[in-house]
1. Out of the strands (runs of 3 or more DSSP E) lying entirely within segment 8-113, which hold 1 or more residues that are in contact with a Phe, Trp or Tyr (Cβ under 6 Å, 6 or more places away or on another chain)?
2. Just one of (1) without any contact (Cβ under 8 Å) to a residue 24 or more places away in the chain; (2) closer than 19 Å to VAL61 by Cα; (3) part of a helix (DSSP H, G or I) trips up TYR224, so point out which.
3. Across segment 208-259, what is the total count of residues that are small (Gly, Ala, Ser) and closer than 19 Å to SER275 by Cα?
4. Does any residue in segment 46-58 that is within 18 Å of LYS233 (Cβ to Cβ) come within less than 7 Å, Cβ to Cβ, of a residue that is part of a loop (DSSP other than H, G, I, E, B) and basic (Lys, Arg) six or more places away or on a different chain, and which pairs are these?
5. Taking LYS159, is it in a loop (DSSP other than H, G, I, E, B) and modelled with pLDDT under 90?
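The values are calculated or read from the model by the stated rules, or taken from the named source; none is laboratory data. Just so it is clear, the model here is predicted, and its values are computed rather than measured. For neighbour counting, all protein chains shown are included, and Cβ atoms are generated from backbone atoms with ideal geometry for every residue, glycine included.
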Amino acid sequence: MAIDYVKLKHWAFEDVEQTYSEKDSMLYALGLGFGHDPLDEMQLRFVYEKDLVAVPTMAVVLGSPGFWLKDPATGVDWVQAVHGEHSLTLHKPLPSAGTVIGRLRVSAIVDKGKDKGALLVQERTLHDKESGDVLATIEHLTFCRGDGGFSGIPGNGPKGGDPAPAAKPGTPDALPDAVCDLPTLPQAALLYRLNSDYNPLHADPSVARAAGFVRPILHGLCTYGVAGRSILKTYCGYDPGRFLGLGARFSAPVFPGETIRTEMWRRGDTVHFRSRAIERNVVVLSSGVAKVAS
């Protein structure tokens, strides 16, 4: 079954209302390793109810409809769908507890060719229910490896689908301005999955082996959050109000317990970065770009 461009581009999503508590905010932070040094009072603000603040990247797990591409009516071969890139723009600091409304739309579908797959870009806005304010905009790029060639079917959308999104910038050809090493817990995936991603790939050794991994892997968005934590620590002094956005490409998985090294280059209010798993010297996030306030 091929992608029906018109149907998928105009897929009707219901608003997703989600109430989260201070406990949820603390659990998200613990999954990223906050509190690793329990005497560090800057980290403690994210995992202790006294003066609690939310980790900015928690926005990516709120107000989501889940893995909707698994619906057969989408025409997407979901088994071959890969999470390619993720971007977050913060418009306001995320409250430590509250009720949010997630509104999703398909912003682009790009046909790369019959044997090259397709790109599907989703955009979700996160709204504070009480005030109506837009808190965040989240962009999620999925590489649909088995779904290229849909625009060759007569009447099935424009030739080539939509224009491809702009490529993320590469890493500067220079020594990094800062490096931050953060360990992950051996049980990090078991903690992080409680934020709502219950894919057994991250918990069940037999499922991981069937997928070609020696053991369960860390969620990509957990790796993303750890990189965000590095930038929050290095360039924002752990002040969520100074953390304005984060985008990156997923390059390779992390195994829980590995140390994630984030190399950073600051250019004004933009921080370019990449992250690697030190133990294997493998780049796990590439083409990273963060926005920070002075």
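1. Numbers: elements: 16-20, 81-90, 98-111.
Filter on segment 8-113 gives 81-90, 98-111.
2. Condition (1) is where TYR224 drops out.
3. Here is the first cut: in segment 208-259, the ones small (Gly, Ala, Ser) are 208, 210-212, 220, 225, 227-228, 230, 237, 241, 245, 247-248, 251-252, 257.
Pick out the ones that are also closer than 19 Å to SER275 by Cα and you get 220, 225, 227-228, 230, 245, 247-248, 251-252, 257.
Qualifying residue count, segment 208-259: 11.
4. ASP51/ARG45; LEU52/ARG45; VAL53/ARG45
5. Details: in a loop (DSSP other than H, G, I, E, B): yes; modelled with pLDDT under 90: yes.
Considered against the rule, which asks whether it is in a loop (DSSP other than H, G, I, E, B) and modelled with pLDDT under 90, LYS159 comes out as yes.
Conditions tested, residue by residue: (1) surrounded by fewer than 18 Cβ atoms within 10 Å (Cβ to Cβ); (2) under 19 Å from PRO56 (Cα atoms); (3) at pLDDT below 95; (4) not assigned by TED's automatic domain parsing to the domain that holds VAL53.
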{"residue": "ILE231", "(1), (2), (3), (4)": "no, yes, no, yes"}
{"residue": "TYR235", "(1), (2), (3), (4)": "no, yes, no, yes"}
{"residue": "ASP239", "(1), (2), (3), (4)": "yes, yes, no, yes"}
{"residue": "GLY245", "(1), (2), (3), (4)": "no, yes, no, yes"}
{"residue": "ALA252", "(1), (2), (3), (4)": "yes, no, no, yes"}
{"residue": "THR262", "(1), (2), (3), (4)": "no, yes, no, yes"}
{"residue": "THR270", "(1), (2), (3), (4)": "yes, yes, no, yes"}
{"residue": "VAL282", "(1), (2), (3), (4)": "yes, no, no, yes"}
